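Since the structure comes first, as structure tokens, the remarks are kept for the end.
The values are calculated or read from the model by the stated rules, or taken from the named source; none is laboratory data. Bear in mind that the values here come from a model prediction, so they are computed numbers and not experimental data. Quick reminder, even Gly has a Cβ in these numbers, built from the backbone with ideal geometry, and neighbours come from all protein chains shown. These area figures cover heavy atoms from the full protein model, side chains too; ligands, DNA and RNA do not enter into them. Shrake-Rupley method; radii C 1.70, N 1.55, O 1.52, S 1.80 Å.
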Amino acid sequence: MGRLCFNAVTNYKPLPPITEKQLRDTFQKYDRDGDGLLSKAELENAFKSLGSHMPNWRARRALHHADANGDKNISLEELDEVVKYAAKHGYVLG
């Protein structure tokens, strides 16, 4: 699932790909309370900003794939797995 931009003349066109570093930075930006953890709500907001059509579902799936300790949050150590998950699903191409 990539990101799309609506253009009234030509319908839809893909946006330029983002790097894994930009993707990681985007997720970290959504740590709103600054506790070094990403909650499901924070993940959902991050996926929404990346153009996900189902950010709630993506956040739940990312937690399932990356939350190694089962605390229902993503730590900085677990964030690499979220980035890999997002990359696998088309949020980064490179």
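Among the GluC sites (Glu not before Pro) in region 24-90, those located in a DSSP loop and surrounded by at most 13 other Cβ atoms within 10 Å of their own Cβ are 77.
If I stretch the segment between residue 69 and residue 56 completely, what's the gain in nm (0.36 nm per residue apart, minus their alpha carbon distance), one decimal? Write down the numbers at each step before the final one.
Values: separation 13, 0.36 × 13 = 4.68 nm, distance 2.07 nm.
Contour length minus the Cα-Cα distance gives 2.6 nm.
For region 25-79, what does the accessible surface come to per residue with a 1.4 Å probe? Please give it in Å². Before the final figure, lay out each step's value.
Values: 3050 Å² over 55 residues.
Roughly 55 Å² per residue, with all protein chains present.
At q = 0.17, 0.32, 0.33 Å⁻¹ the log10 of I(q)/I(0) for region 22-69 amounts to -0.43, -1.29, -1.31, computed by Debye summation with a single uniform scatterer per C-alpha, solvent ignored.
Please label the shape of region 49-94 as rounded, prolate or oblate, based on the square roots a ≥ b ≥ c of the eigenvalues of the alpha-carbon gyration tensor (a/c under 1.5 means rounded; beyond that, a/b larger than b/c means prolate, else oblate). Oblate shape, in that a/c is at least 1.5 and b/c is the bigger or equal ratio.
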